[in-house]
Amino acid sequence: MKNKDVLEYRELFLSRNKKLHLAKRILYGIATGEALFPQFYSRRQEAQALYGLRRYKFIRHTRKDDENFYSLTAKGKNRLRHIIIDEIKIKNSKKWDGEWWLVIYDLPIRFKKARDAFRFKLRDLGFFQFQKSAWIYPYPCEGEILLVANFFGVRKYIEILKVDKILDDKKIRDHFGL
């Protein structure tokens, strides 16, 4: 797995690592080379999680010199990317800086499914639909949006603008409670 991917995984998972399901933690741990099991899981739970991940071909197990080694399969890497997209959240600052983040896109017709999925994820992240293909958010979100756009393969059709003034933003401010 590329170092860039590992850094994205680490950044996204470290803040919520304790809340993740054991199987997700194992996939993450294998991807980043970190410890697989937190101390509060039993050996039986660990064995069941590893068995399930191997059964679904998400991980590969090898044994060398009485040590177990695990690696992600292509299917496991894909599953981990899906988990990251599902788990991604945008951190809101306590104080709003008065700037809006506007995400606009113009996807060709052949990307209909990706467009619908991208739009759904924007809504899921809490964005406000400003216009048909324009969504707005009050806090910095560039990294998260680029990750989502790359996941859906539509990065080159997305633009993210930082806007400091909108003429009639009362409706938007009310939506976000600002």
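Tell me, in nm to one decimal, what length is gained between ARG55 and SER42 on full extension, where the rule is 0.36 nm per residue of separation less the Cα-Cα distance?
So the extension gain works out to 2.7 nm.
Filter the trypsin sites (Lys or Arg not before Pro) in the range 49-99 down to the DSSP loop ones having no more than 13 other Cβ atoms within 10 Å, then list what survives.
Taking the range 49-99 and a limit of 13 other Cβ atoms within 10 Å, the loop trypsin sites (Lys or Arg not before Pro) found are LYS57, LYS89, LYS91, LYS94, LYS95.
Holding the Cα-Cα limit at 20 Å, pick out from LYS24/LYS75; LYS94/LYS156; LYS75/LYS156; LYS95/LYS156; LYS95/LYS132 the pairs that are longer than that.
Cα-Cα > 20 Å for LYS94/LYS156; LYS75/LYS156; LYS95/LYS156; LYS95/LYS132; rest within.
Give, in nm to one decimal, the length gained when the segment between ARG110 and LYS94 is fully stretched (0.36 nm per residue of separation minus the Cα-Cα distance).
Length difference between fully extended and current span is 1.8 nm.
Compute the distance in nm between two label points, each set 7 Å from the Cα along the Cα-to-Cβ direction, one at ALA134 and one at LEU161.
0.5 nm
I want the local charge near ASP124. Using Cβ-Cβ distances under 11 Å, sum +1 for each Lys or Arg and -1 for each Asp or Glu among the other residues.
Net local charge, ASP124 excluded: +3.
Stretch ASP66-ASN78 to full length: gain in nm at 0.36 nm per residue minus the Cα-Cα span?
1.4 nm
Since every read-out is calculated from the coordinates, none of them should be taken as a lab result. Computed from a predicted structure; not experimentally measured. Note that each Cβ is placed from the backbone with ideal geometry, even for glycine, and that neighbours are counted across all protein chains shown.
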